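One structure is given here, and the rest of the page talks about it.
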Amino acid sequence: MGLNLLNLGLFYVGPETLLPLTSVLGAIGGLLMIFWRQVSGAFRRVVGLFSRRR
Amino acid sequence: MSPAGQIGPHFSQLLALGVWLGLAYGFLEALEFFVLGLVPGALAWRNGNSAPVFLVAPAFYAACYLLVAVIVALVSRLVPRWRWDIVLAAVLVTLSGYLGASLQGQIFSPLASVILGLGMGAVTIRFMRGRPNLLPKLVRTLPWLVTGTAAVGLVALAAAAARERAAFAALPDSAPRGPNVLLIVLDTQRADHLGFHGYDRPTSPQLDALAAQGTMFENATSSSSWTLPSHASLFTGRPVNEHRAGEFRRPFLGRGFVTLAEAMAEAGYVTAGFSANPFWVGRQTRINRGFVHWEDFYLKPGDALVRTVLGRKIAYELLPKFGEIDIPGRMRVEDINRRFFSWLDGSERRPFFAFLNYLDVHGPYLPPPPHAGTFGGSLSHVGKTIDLGAVTDETQVPPPELLRDWANRYDESILSLDAGIGDLLTELGRRGLEDNTVIVLTADHGESFGEHGMIYHGNGLHRDQVHVPLVIRYSPAVASGVRDSTPVGIHQIPATVMQLAGLSTEDFPTPSLFSSADRETPVLAEVGFRSQVPASWPTSRGWVKSLTTARWHFILHEEGDRELYDLTNDPGESINLAARAEYADTVQDFRTILVRMAPSDFQPRGR
Ligand SMILES: [Zn+2]
């Protein structure tokens, strides 16, 4: 992005903008997939904690 | 990684896995292009695509992923007991996830795309570790996958052909009685670099002859200073503030107004467009509305390469490092001519409305032989780009010797284009189409070579960027050898074409170039705010609008800056008269006219 050859070298500067929200959501999704075991394990522990107290 | 005693995958199994994943991802990418292509504006300028993607993408990725598989298979011989199938699948799925996420370019940032790809790779590893028998199963399905993707590709091509046949069949039964119309756009052709506009170099002998055979408008202005809004005005007859194509977050022509191609098709003309500008005159911008036959992509191998995400990265990011900086698969004048005539050969004998966009003089300025070097200067700059970061500094423009060489190469590109237009006209004559074909020749905008500290186009509205050629040749109805100095705009072309074709002009309220009414109205040009452009460019701060009359050029910036030039005494626009007290009334009058012509842009609004 920015002033690189792609945008200016081809002399096509379009009204392009990046959507920040989708990028954040996409990154969170990617991290969830990478650390799925840790995330699901932590989730199970938290759930277990509550169910034992009951 | 592998359970004790188990032997890793065979060499051939790894290759098959690579092809399998390539075909599967290629199909998914094609599908992503197709689905996004259904939503106007979802595929921005670089991302246009069409039916062949369903064949090209699977084949391209199968070949690329096979190459990766060969490398992994060779490496696998060093440690044969590893689950190399998992390694290969993880690498290729990660790559696929990254490519698929970055396809559109605006939804996910590069970093987010990488993280998404890695996430998919991680899921793949977990999935495959628990399934040792997956690989042989996948390999057995490979023949089905090959057959399936090929079948889908062929169906996509057949569907596109059927769609064109249906559009043709929907034309009125009775052919129109009017002449053929050939609308020629020389993309990025500024008027004052042409012989018939008084340029001191012989850049355009063929175009000069054409201008002498028809009526030439000396003072024609393009509706904007870049491709999409200008073409949108050329086709709808409306100013930018009405059609809004190319404005911020609107990289397409909306459905609001009838296009010239639609009106001609409705009158029974067979309509066809041939675009050498796949970025802004491609179907992703919806500029092709009304054209029964439309050619923009897959016309050369280099273009097929950039219709895949990986190919685009290779073409735009890798190849320039090896000196290959031309637009990949750029269509030259002879290519467009060939496509047009081959379509004409195969089309039914009824009057046509054809549109040709030639990109030869557009940057990067790379004139082909024998024209390169004709106008002297160093050829060492051919293909060289400057450090564009320097342009952001308001005090810097490219050094004069570089600008001079750019202009030399630009002029040589005109010479090359001119020769090709000569061939086009000769061939039309040979086919007996000279007297029954209206030829309209113009440009979508000009180009700056350092004027007002600017280069390229689309960044302001000075005359170098909006003064364009406009010639109409049609011996039965248009006077030859006439030079008309009336200020006119290219958005008057639709009404003019309809008039010459003997059709109603009601869809195009802007008067024809040959209408006798009102030859005093100032001609409007507009360019919208653009993000990610150098801060020294006026469009980085908001819209710019201008009015041209026989004597004056008035430019208004959204934030209030004004410029006024006396074109009769100062055609180079070097003295801004806007701040001088004696011109205060003139400035105020022009501003009032602008408010009247583009009222919605003068209402307070947020961005
Ligand atoms: Zn253009």
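Coordinate-derived values only; no laboratory data. This one's a predicted model, so the numbers in the text were calculated from it and none came from an experiment. Glycine also receives a Cβ, built like all others from the backbone with ideal geometry; neighbour counts cover every protein chain displayed.
What are the DSSP H helices in chain B that stretch 18 Å or more along their long axis, judged by alpha-carbon atoms, and whose average Kyte-Doolittle hydropathy comes to at least 1.6?
Flagged H segments are B:53-76.
Peptide B:117-126: average number of partner chain Cβ atoms within 10 Å per residue?
4
Give the separation of the Cα centroids, the range B:475-515 to the range B:70-99, in Å.
Rounded to whole Å, the Cα centres lie 64 Å apart.
For a quick check: with amide H placed at 1.01 Å from N, whose amide H comes under 5 Å from B:THR271's, ignoring anything fewer than 5 positions away on the same chain?
B:VAL292, B:HIS293, B:PHE353
May I ask you to compute the full-extension gain from B:THR141 to B:THR426, defined as 0.36 nm times their residue separation minus their alpha-carbon distance, rounded to one decimal in nm?
In short, 97.0 nm is gained.
Counting helices only, and only those DSSP H runs with n ≥ 4, report the 222 nm mean residue ellipticity of the protein assembly as shown as the sum of -39,500 (n - 2.57) divided by its residues, in deg cm²/dmol to the nearest 500.
Working: 18 runs with 270 residues, N = 661.
After summing the helix terms and dividing by residue count, I get -13500 deg cm²/dmol.
Around B:ALA419, what is the net charge, scoring Lys/Arg as +1 and Asp/Glu as -1 over all other residues with Cβ under 12 Å from its Cβ?
Details: positive: B:ARG332; negative: B:GLU334, B:ASP360, B:GLU412, B:ASP418, B:ASP423.
Summing Lys and Arg as +1 and Asp and Glu as -1 gives -4.
What does the highest-first list of B:88-94, B:258-264 look like by mean Cβ count within 10 Å? Mind showing how you got there, number by number?
Working: B:88-94: 23.0, B:258-264: 24.6.
Highest to lowest by the protection proxy: B:258-264, B:88-94.
Using Cα centres only, tell me the gap between the range B:254-328 and the range B:346-362 in whole Å.
The distance from the Cα centre of the range B:254-328 to that of the range B:346-362 comes to 14 Å.
Could you work out the mean count of beta carbons from other protein chains within 10 Å of each residue's beta carbon in B:100-110? Please list the in-between numbers first.
Values: counts 0, 5, 0, 0, 2, 5, 7, 7, 10, 9, 3.
Average per residue, whole number: 4.
So how far apart, in nm, are the two label points at B:ASP561 and B:ALA162 if each is 7 Å from Cα heading toward Cβ?
5.5 nm
Would you mind telling me the antiparallel percentage of the DSSP bridges in the protein assembly as shown, rounded to 5?
50 percent
Classify chain B from the C-alpha gyration tensor, please: rounded if a/c falls under 1.5, else prolate or oblate depending on whether a/b exceeds b/c.
prolate
Only Cα pairs under 8 Å and at least 6 apart count here; give the relative contact order of chain B as a rounded whole percent.
Values: 1171 pairs, mean separation 103.5, N = 607.
About 17 percent, as a whole number.
Which whole-Hz couplings ³J(HN,Hα) result when phi for each residue of the range B:519-529 is put into the Karplus expression 6.51 cos²θ - 1.76 cosθ + 1.60, θ = phi - 60°, listed in order with x for Gly and Pro?
With coefficients 6.51, -1.76 and 1.60, one gets 9, 10, 4, x, 9, 8, 10, 9, 9, x, 4 Hz.
So if we plug the beta-carbon distance of A:VAL39 and B:ASP326 into 1/(1 + (r/R0)^6) with R0 = 45 Å, what FRET efficiency do we get, rounded to 0.05?
Plugging the Cβ-Cβ distance into 1/(1 + (r/R0)^6) gives 0.40.
So if R0 is 41 Å, what FRET efficiency would B:SER485 and B:ASP585 give, r being the distance between their Cβ atoms, rounded to the nearest 0.05?
0.95
Among the lysines in chain B, how many pairs, 8 or more places apart or on different chains, have alpha carbons under 26 Å apart?
Within chain B, the lysine pair count is 6.
What residues have an amide H closer than 5 Å to that of B:LEU194, excluding those fewer than 5 places away on the same chain, when H is modeled at 1.01 Å from N in the peptide plane?
B:TYR199
Counting other beta carbons within 10 Å of each Cβ, put B:ILE325, B:ILE472, B:ILE125 in order, fewest first.
Values: B:ILE325 20, B:ILE472 26, B:ILE125 16.
Ranked by crowding around the Cβ, least crowded first: B:ILE125, B:ILE325, B:ILE472.
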